[in-house]
Amino acid sequence: MTDLIETENALGTYLRDRRAKLDPSALGFAGERRRTPGLRREEVAQRANISPTWYTWLEQGRGGAPSADVLDRIARALMLTEVEREHLFLLGLGRPPEARYRKNDGVTPRLQRVLDALEPSPAIIRTATWDVIAWNRAAPVMLIDYGSLPPEERNILRYIFLDPRARAVQYDWESVARFALGAFRVDAARAGASSEIEPFVAELCRISPEFRAMWRENDVPGTHTEAVKHIRHPILGPLAFEYSAFSVDGRTDLSMIVYNPATPDDAERIRSLLPQP
């Protein structure tokens, strides 16, 4: 019977499990001996700024469905990751939380090692606003040396619309630019970053008439996770890549973009230009 009750109250079971994994002393609570590990219910309620009685009812499966605001407070109180927060909303409201963009300025060493292992395929990590925050050694060979740019200029759309080199390497710059702009619009909206991109969009509209005209068209492309990309490399000549975009596990705001050489010959030519480690 107990197992059945816990199954029916999956939200309460999850909340108890999460608070049991927190260290009270690390969060400023007295470290006296406790009968059970983790935080007490009233301590979670205090951190979430909600009534202890209401929180107790949630764990007991009483009182009805919580609001999104309450779940957000509890997620912060329990120090949940984005994936854990999404799971909390699915249990409590039957839907994922609304997108909430958060700026990120770097990647973990593990993720950087994944990028490095993909060589000679150029690979980058971009944010939902298309800022490039990580890349491997092959990326500057085919694309642009992001490391030579100030961090605020490491943006794919800024490169496409403002850098003459982007036009020189593309066989059909307008189609590429139009498709990229539509995909950018979708990514920013999906990540809840529409307000964050407003100053950037205003800047590009002011500087680039082509960007301004395409942005006003409000075009949204179909799927853009896979495609074949052809470029005119200034040293290697024509190159073909299989373009793929992947979501980064646990990070809905990041995407990994991989340009896999279409032929072994293309791969060898890129490898010939890689700097020695």
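The values are calculated or read from the model by the stated rules, or taken from the named source; none is laboratory data. All values reported here derive from a predicted model rather than from experimental measurement. Positions of Cβ are backbone-derived with ideal geometry, glycine not excepted, and every protein chain shown enters the neighbour counts. The protein model used for the area step is the full one, side chains on, heavy atoms only, and it has no ligands, DNA or RNA in it. Shrake-Rupley method; radii C 1.70, N 1.55, O 1.52, S 1.80 Å.
For this structure, a couple of remarks:
- Selection of segment 243-266 for residues being in a strand (DSSP E or B) and either of a type in the set (Ser, Thr, Tyr) or open to solvent by 90 Å² or more (accessible area, probe 1.4 Å) (or both) yields Tyr243, Ser244, Phe246, Ser247, Thr252, Ser255, Tyr259.
- If you go through segment 172-198 and keep only what is under 19 Å from Arg212 (Cβ atoms), open to solvent by less than 60 Å² (accessible area, probe 1.4 Å) and assigned to a loop (DSSP other than H, G, I, E, B), you end up with just Ile197.
- Assessment of segment 124-138 against the conditions (more than 28 Å from Ala262 (Cα to Cα), without any contact (Cβ under 8 Å) to a residue 40 or more places away in the chain and either of a type in the set (Val, Ile, Thr) or surrounded by fewer than 20 Cβ atoms within 10 Å (Cβ to Cβ) (or both)) yields no matching residue.
- Filter result (among the small types (Gly, Ala, Ser) and in a loop (DSSP other than H, G, I, E, B)) within segment 67-89: Ser67
- Residue in segment 117-130 that is at pLDDT 90 or above and in a helix (DSSP H, G or I) present: yes
- Of residues in segment 148-171 being of a type in the set (Gly, Ala, Ser) and under 21 Å from Leu239 (Cα atoms), the one surrounded by the fewest Cβ atoms within 10 Å (Cβ to Cβ): Ala168
- The number of residues in segment 140-164 being in a helix (DSSP H, G or I) and without any contact (Cβ under 8 Å) to a residue 24 or more places away in the chain comes to 9.
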